[in-house]
Amino acid sequence: MKISKVLSLCTLSATVLFGANNVVDHVKQNGIKAIPNSNYELLKIIDDPKDPITDAKVELGKKLYFDPRMSKSSLISCNTCHNLALGGTDGVSAAIGHGWTANPHHLNSPTVYNAAFFKAQFWDGRSPHLADQAQGPVQAGPEMAAPPKLVEERINSIPEYIEEFKAAYGDNVKIDFAKITSTIAIFEKTLVTPSKFDDFLNGNNNALSKAEKEGLEVFLDKGCAACHNGIALGGTMQPFQVAGKYKFAQVGDFKGDKNGMVKTPTLRNITETAPYFHNGAIWSLKDAIKEMGSTQLGIAITDAESAKIETFLKTLKGRKPAISYPQLPESTAKTPVPDAKL
């Protein structure tokens, strides 16, 4: 091969490499971070040294997550509204709970995948972390409607659960409501979904196509990362309706927290989590992108620009952890019976 041809190939390779590095730098300048490709680095982000993640806790938390006996009716589990086969959501505009009751504020169920990266939980951000969040839906009347005492009685009436708690936490463990729900949260911490976007940020320059990189640049240039940043590309409290009125603001009565702030939903697995916004009023991702342009950025995003952004957003569909449906332990004569009455 001639020297000139070799030099030409080297120049081309350098251009491709530096081009990719420039895109990565642009992403990082906008505050977006990758899911680490090292389990050690990942655990430093999601684990709690005071209550470390272990296989025994994760397996027990998974059973509790799928167990409908955590609800008053014994019909609704965490997985009912946060279905791990449906992107961690339920696929309806307003969550349906106890007694076939729709959420009274017409709130949409957010995904549980990657929730360990959120800085705030719930649409109004009232919980700071997963362990605290897990207690809310279990007790809420329009959701699982189970008083803490009932949950404790049900779980403590099942010998197999008692043995699993001892195996996970030691023989002196107190199986109370806080311990039960925090164990669910430990399982939820493992629901991390790295994608080819993370592969790209972590050094694989060929992980994204030219069109996907172009969509990423449009996403950044339009200012979308002002709210959708961090590892989750969301999960922080942000002002809503900054530049204009949300088209479907009248659907439900939710106004955010006391300061009008709303938790920004994660963009990870966004193609799987329709309908969109806190009230689930928009079903098309293209329409959601354009609505965010007018509501938050004060700009008109064209169909062509929306299509490019959507091409990028598809790269955030992650690799889900393999989860086998657990066989739950049997109830006993002491287990409180279901109560499906309102």
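Ranking of 188, 214, 164 by neighbouring Cβ atoms within 10 Å, starting from the fewest: 214, 164, 188.
Stretched out fully, how many nm does the piece from residue 59 to residue 174 gain, at 0.36 nm a residue minus the Cα gap?
On the way: separation 115, 0.36 × 115 = 41.40 nm, distance 1.82 nm.
Here the segment from residue 59 to residue 174 would lengthen by 39.6 nm.
Here each label is just a point 7 Å from Cα along the line to Cβ, and for residue 85 and residue 157 those points are 2.8 nm apart. Counting neighbouring beta carbons within 10 Å and listing from fewest to most, the residues 69, 126 come out as 126, 69.
Only the Cβ atoms of Lys and Arg (+1) and of Asp and Glu (-1) were treated as charged; on that basis the dipole of the stretch 43-189 about its Cα centre amounts to roughly 200 debye. Across the chain, the relative contact order, built from alpha-carbon pairs under 8 Å that are at least six residues apart, equals 24 percent. Among the listed values [x] 45, 32, 17; [y] 54, 23, 18; [z] 40, 26, 15, the one matching semi-axes √(5λ) of the Cα gyration tensor in Å as calculated from this structure is [z].
Close amide H pairs (under 5 Å, H built 1.01 Å from N) link residue 129 with 121, residues at least 5 positions away or on another chain.
Mean sequence separation of contacting Cα pairs (under 8 Å, at least six apart), scaled by the length of the stretch 43-189, corresponds to a relative contact order of 30 percent.
Stretched out straight at 0.36 nm per residue, the stretch from residue 209 to residue 286 would grow longer than its current Cα-Cα span by 25.7 nm. Restricting the trypsin sites (Lys or Arg not before Pro) of the stretch 234-293 to loop positions (DSSP other than H, G, I, E, B) with no more than 10 neighbouring Cβ atoms within 10 Å leaves 245, 258. Distance from the alpha carbon centroid of the stretch 123-193 to that of the stretch 267-284 works out to 27 angstrom.
About its Cα centre, the dipole of the chain is roughly 620 debye, where the only charges are +1 on Lys and Arg Cβ and -1 on Asp and Glu Cβ.
If you run the Gaussian network model on the chain, springs between alpha carbon atoms under 10 Å, then out of 100, 123, 283 the most flexible one is 100. Taking other C-beta atoms within 10 angstrom as a stand-in for reagent exposure, 75, 316 fall in the order 75, 316, fewest first.
What FRET efficiency, computed as 1/(1 + (r/R0)^6) with R0 = 25 Å and r the Cβ-Cβ distance, is obtained for residue 47 and residue 257, rounded to the nearest 0.05? Efficiency at R0 = 25 Å is approximately 0.35. Within the stretch 223-258, name every residue whose backbone N is under 20 Å away from a label modeled 7 Å from Cα of residue 38 along the Cβ vector. Only 231-232 pass the distance filter.
Computed from the coordinates by the stated procedures, all read-outs in this text should not be read as laboratory data. Predicted model only: the values in this text are computed from it and were never measured. Virtual Cβ from ideal backbone geometry, glycine too; neighbours counted across all protein chains shown.
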